[in-house]
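Asks: Right, I'll just put the structure down here and ask away after.
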Amino acid sequence: MSARGWLVVIALGVLAGSLAFNWAVRPDFSRPNYAVFTEMASSVAYESQSSTAPVPVGTALAAPFAIPRELPPLHYDASEQSARRAGTELHNPFGAGDGAALARGQKVFATFCQVCHGAGGLGDGPVVRRGVPPPPSLLATNARSLPDGRIFHVITYGQGNMASYASQVDRDDRWRAVRFIRSLQAAQAPDAQPQQAARPARAAQPPEAAR
């Protein structure tokens, strides 16, 4: 017999042996499986008010406790009334002198805001130069007069053409971005009025192309 033939015979023998072993040790669903680590399979049970050494308080019923899983909910919506209320009720937890918050806010602004608002907040970001309607300047008088909570509300729920960024930017980073926006406004002279970025005009078509 050739070597290939022997390989076929061996393979058939292994297959037959596997089938026979599987039939011989077929599971019995009326009996529990074998437990290798018995201390994990069978835990010690205690009565609620019984005394036990493992619990520091001395009884099996420990004092209640809570683990915070997320920040408290924001009880606002995308309406104008809710935005005004946020402006009076919400306050930035990061002060003007918090350098770490300012540096983080600059990174957040560069990642999520600069594409529309521009590096200086003038509303001249790259997408505006490609035809997207420009957002209002963040250095204009109206933006300066908005409370921190109102700007936070805009980032959270959106406004006008701007969508909500609550899913992309966590709550603390939204406040840090507001802090950076305030730094942009503070860097400009109060009497200097920024110019709103204009929407780029389309190139004029030659007469033959317009026909």
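Asks: Taking the range 128-152, which residues are farther than 26 Å from Gln81 by Cβ and at pLDDT 95 or above?
Replies: The answer is Leu139, and nothing else.
Asks: Now, a different point. Among the residues of the range 31-45, is any modelled with pLDDT of 75 or more, within 30 Å of Asp172 (Cα to Cα) and either assigned to a loop (DSSP other than H, G, I, E, B) or touching a Phe, Trp or Tyr at 6+ places or on another chain (Cβ under 7 Å) (or both)?
Replies: No - not one qualifying residue is present in the range 31-45.
Asks: Scan (1) without any contact (Cβ under 8 Å) to a residue 60 or more places away in the chain; (2) part of a helix (DSSP H, G or I) for the single condition Ala119 breaks and write down its number.
Replies: Failed condition: (2).
Asks: Right, another one. Is at least one residue of the range 134-142 in contact with an Asp or Glu (Cβ under 9 Å, 6 or more places away or on another chain), among the hydrophobic types (A, V, I, L, M, F, W, C) and either in contact (Cβ under 8 Å) with a residue 60 or more places away in the chain or assigned to a loop (DSSP other than H, G, I, E, B) (or both)?
Replies: Looking for residues that are in contact with an Asp or Glu (Cβ under 9 Å, 6 or more places away or on another chain), among the hydrophobic types (A, V, I, L, M, F, W, C) and either in contact (Cβ under 8 Å) with a residue 60 or more places away in the chain or assigned to a loop (DSSP other than H, G, I, E, B) (or both), one finds none in the range 134-142, hence no.
Asks: For the list (1) assigned to a helix (DSSP H, G or I); (2) in contact with a Ser or Thr (Cβ under 9 Å, 6 or more places away or on another chain), I need the number of the one condition that Leu74 fails.
Replies: (1)
The values are calculated or read from the model by the stated rules, or taken from the named source; none is laboratory data. Keep in mind that what you see is a predicted model, and the values were worked out from it rather than measured. Heads up, the Cβs are rebuilt from the backbone with ideal geometry, glycines too, and the neighbour counts pull from every protein chain shown.
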